[in-house]
Amino acid sequence: FNGFYGPNWYGYAEGNPLTWYDLDGLRPGSPYKTPDEAGACAINDINWQSIKVNLEYVGYVCRLPNGQYTYDTPTALGPSGGTIPAPTCAGVVVGLYHTHAAYSPLYMNEVFSPVDLSLLTGNNWDGFLGTPRGVIKKFTCGTQGIKNLPYPKKNACK
């Protein structure tokens, strides 16, 4: 977070503290012991914003060279998806996290969609989903299983 004139106190908010803020110190790039911790923290970090502005957000969970995991900065899509950007985290992509925006009767947005599952299985990635009701779901590609994950404990997300 160092800037040209010294520390950039708004670096966590990508230089825009009016739009992005980080009250709990959550931020992409922090290391986690497991991909589940990284995915749950990623969803915890962005799902409230997704619901508030009614936009889906997407990002990647990556394994770092040291064996830990992290997630990259979420990218805003449209209310029902959009073009997924390339990953920005340093490491090997092991999963994708995304949100399903605010509730809409037009979509089954409390579950992984067929498009979500096709993308995940086609890339051999696990998936993490934040739903409009605030549930964190995980799709495990190897077993094709879906389960709810607990929200991270206070101060678990760095």
For region 114-130, the count of residues that are among the aliphatic types (A, V, I, L, M) and over 21 Å from T70 (Cα atoms) equals 2
Heads up, the strands (runs of 3 or more DSSP E) in region 35-151 (entirely inside) with at least 3 residues that are surrounded by fewer than 18 Cβ atoms within 10 Å (Cβ to Cβ), touching a Leu at 6+ places or on another chain (Cβ under 7 Å) and among the hydroxyl-bearing types (S, T, Y) are none
Scanning region 128-142 residue by residue, the ones that are touching a residue at least 60 places away in the same chain (Cβ under 8 Å) and within 15 Å of A38 (Cβ to Cβ) total 5
Filter region 11-65 for residues that are at pLDDT 85 or above, in contact with a strand residue (DSSP E or B) (Cβ under 6 Å, 6 or more places away or on another chain) and small (G, A, S); the one that is farthest from C141 (Cα to Cα) is S50
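The values are calculated or read from the model by the stated rules, or taken from the named source; none is laboratory data. Note that the structure is a prediction, hence the values are computed from the model and not measured. Because the Cβ atoms are built from the backbone with ideal geometry, glycine has one as well, and the counts that use them run over all protein chains shown.
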